[in-house]
Amino acid sequence: MNPLMRGNPPLTARLEPWMERLLADAGLCSELVERFGSPVNLHDFSALERNAQELRTAAAGHGVDFQVYLARKANKTLGAIDAAVKAGCGLDVASLNELDQCLRRGVDPGRIIVTAAVKSAELLRLALENQVVVSLDNADEANDLLKLAGEAGVKPRVALRLASANPGIAPTRFGLRATAWLGFLGGLPDPAALEVAGIHFHLNGYSAPGRALLLAESIGLVDALAGIGQSPGFIDIGGGIPMSYLDDAGQWEDFWKALAGQEAGSEEITWKSDPLGAVGPGPSAEVYPYHQHPVRGQWLERILGDRPDDGQGSIAERLVARNLQLRCEPGRSLLDGCGLSLAKVAFVKERSDGVPLAGLHMNRTQCRSTSADFLLDPILIQGAEARAPRAPFDGFLVGAYCIEEELILRRRFDFPHGAAPGDLIAFPNTAGYLMHIVESASHQLPLAANVLWDGSNWVRDEIDEHVRRP
Ligand SMILES: *Cc1c(COP(=O)(O)O)cnc(C)c1O
C-alpha cells in the first residue's frame, strides 16, 4: 500500500483488524467525527484479553498463581473497566474517582488495589469501607490509614510498597526500604492493627532483570514479615511491561540513524531540528521504545526463570515454594491495540517562510504522553467532500493552542497526494496514555469525546458524563 501520509523516515504502526476495517471506511470515519467532534477517541477492547492471556500463559508455564490488574490511569474510560473485568483482570486505581467508578461499576473490591502516589482521607475511607487493599507509600500515610481505620472500626488491608536497597536499582520516590517497613511495623503498639496482604513495587523503565531483583528482595521481606506474625499472600510487580507499536525493528533503527544525521537548522525530519532527546545515533531515552524485544509474555518468562543472587532457585520456584501469588499492573501493554484517535484537517497553509503546515481540529495534549513525541506515522483518510486541489507537499501538523510550538507531532510528514480541509488523520494505537494522561482543556476547548465499540455500535463512553463539557 502506498500511504497518503508518511514520516521521513517512516514508522509504520501495527494495526488491529478492527482498525484496518474502520480506516478502510472513510464514510464511517467522517460520520464518527461529525457525530462526536474532532478529535474523537475510539476504543475497541477486543485485544485486551489476548494481551492478558499472553502474560497468563507465561505464568502458568511455571505453575505460578497469577493475576493481572489494569492500571486505570492509562485510560480513563469506563469501557476499560468493563473490558478488564470481562477479561478476568482486576483494577489498579490511583485516585478517589478512579476507585469510586470501579466500585460503582461493580468491580469486586477484592480485585482492586489503590496505588495512588498521594492519598486523600476520602480515598482511604472509601478503600477501608470496601476492604480494598491500599498500597502504602510511607509511614505518615500508614498512620493516617490506621487512624481512619480506628474511627471506622475496621482492620486495613495493605500492601507495602517496597523501595529497593539494591545499589543497582535507581533511587525512587515511591515506597520505603524493607528495613524501614519492618521498623515501622515493629514500632506499632498493636502489630495486628493492620493486615499486610502483599508486597508491591513499580519500577521505572522495562528491565526484566531489575524486576527479578526486586522480586527476590520482596520475597526476602515476606520471609521477614513471617517473623512478626504477618503472612502476605501476593507480590505485585507493578507495570512497565513492555510492548512494541512497530513490527519493523529496522524502521526504528533507521529512524534514529537518520535523526542523528539531521543537520542543525534542517527541518527535513523534525521541527526546528529537534533531536527528541537523542544524544547519539541510538534511540532517545525521552521517548517510548516503540520497538523492543522481548515484550509481554516472553518478558515475563525471563523474570520467572531468572535466578538473582544465589542458588535458591528461580523466581518462579521461590514464589511457588511460598504459595505466593504474582500480580502485575500493566497499563500501556494491556491496552495495546485498543484505541485509535481521529481528527479532522481544518486548513492547509504555509508558515511565513514557506514551510507547509496542516492544521487540525485538535491540540497537542490529545495525542501525547509524558515523553518527547508520539513516534508513529498517522494515517490520512481523504474526506468524501475534500474540495481543495491536492498538490503534494511535506510539512508539519499544527494544533489549536495559540502557541508557536503547538505541534501535534514533532516529525515532518510527506503527503504525496496532498491534504485538504475535511480530510481525517488517524493516530493509531493510542488507548494507553496517549489520549488521556496529559490532555487539557485550555482555551476552554472541550475535551475529546470517548467512544467505544459495544459489539454492534459506536457509543459514547459514560466517563464523559463525569466531565463538565462547555
Ligand atoms: C503507571 C503505573 C502502572 C502502569 O504502568 P505501565 O507502564 O502503563 O504498564 C502500574 N502501577 C503503578 C503503581 C503505576 O504508577
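Please treat every number below as a calculation from the coordinates, not as lab data. Not measured: the values here are computed from a predicted model. No Cβ is skipped: glycine too gets one built from the backbone with ideal geometry, and neighbour counts run over all protein chains shown.
For Lys119, a cut-off of 20 angstrom between C-alpha atoms picks up these aspartates and glutamates, skipping any fewer than 8 places away in its own chain: Asp92, Glu98, Asp100, Glu129, Asp137, Asp140, Glu141, Asp144, Glu151, Glu195, Asp236, Glu329.
Ala152 sits among other residues whose Cβ lies under 12 Å from its own Cβ, and their net charge, with Lys and Arg +1 and Asp and Glu -1, is +1. Working from Cα pairs under 8 Å separated by at least six residues, relative contact order for the chain is 24 percent. For the peptides 211-219, 192-200, the ranking by mean Cβ contacts within 10 Å, running from highest to lowest, is 211-219, 192-200.
Relative contact order of the range 310-439, taken over Cα pairs closer than 8 Å and 6 or more residues apart, is 36 percent. A dipole drawn for the range 113-245 from +1 and -1 charges on Cβ atoms has a positive end, and of Ala212, Leu162, Gly198 the residue lying farthest that way is Ala212. Helix 296-305 axis versus longest C-alpha principal axis of the chain: approximately 30°, rounded to the nearest ten. Assuming charge only on the beta carbon of Lys and Arg (+1) and of Asp and Glu (-1), the dipole of the range 275-364 about its Cα centre is about 340 debye to the nearest 20.
The angle between the Cα long axis of helix 46-61 and the main principal axis of the chain comes to about 40°, on a 0 to 90 degree scale. In terms of its alpha-carbon gyration tensor, the range 34-133 comes out oblate; a/c meets the 1.5 threshold, while b/c is at least as large as a/b. Each of Val279, Ala224, Pro294 was placed along the dipole of the range 180-296 (beta-carbon charges, centred on the mean Cα), and the one lying farthest toward the positive end is Ala224. For the chain, the longest principal axis of the alpha carbon atoms and the long axis of helix 208-226 meet at an angle near 20°. If you take the beta carbon distance between Ser231 and Gln53 as r and set R0 to 25 Å, what does 1/(1 + (r/R0)^6) give as a FRET efficiency, to the nearest 0.05? So the FRET efficiency works out to roughly 0.25. Using the alpha-carbon positions of the chain, Rg (one decimal) and Dmax (whole number) come out as 23.9, 78 Å.
Over the residues of the chain, the helix contribution to mean residue ellipticity at 222 nm works out to -8500 deg cm²/dmol, using -39500 (n - 2.57) for each DSSP H run of at least 4. Taken about its Cα centre, the chain carries a charge dipole of roughly 400 debye when the Cβ of each Lys and Arg holds +1 and the Cβ of each Asp and Glu holds -1.
On the beta carbon distance between Ala170 and His417, with R0 = 60 Å, the FRET formula returns roughly 0.80.
Across the range 192-300, the relative contact order, built from alpha-carbon pairs under 8 Å that are at least six residues apart, equals 28 percent. When the C-alpha to C-alpha distance is required to be over 31 Å, the pairs from Lys76/Lys272; Lys73/Lys349; Lys86/Lys257; Lys73/Lys155; Lys73/Lys257 that qualify are Lys76/Lys272; Lys73/Lys349; Lys86/Lys257; Lys73/Lys257.
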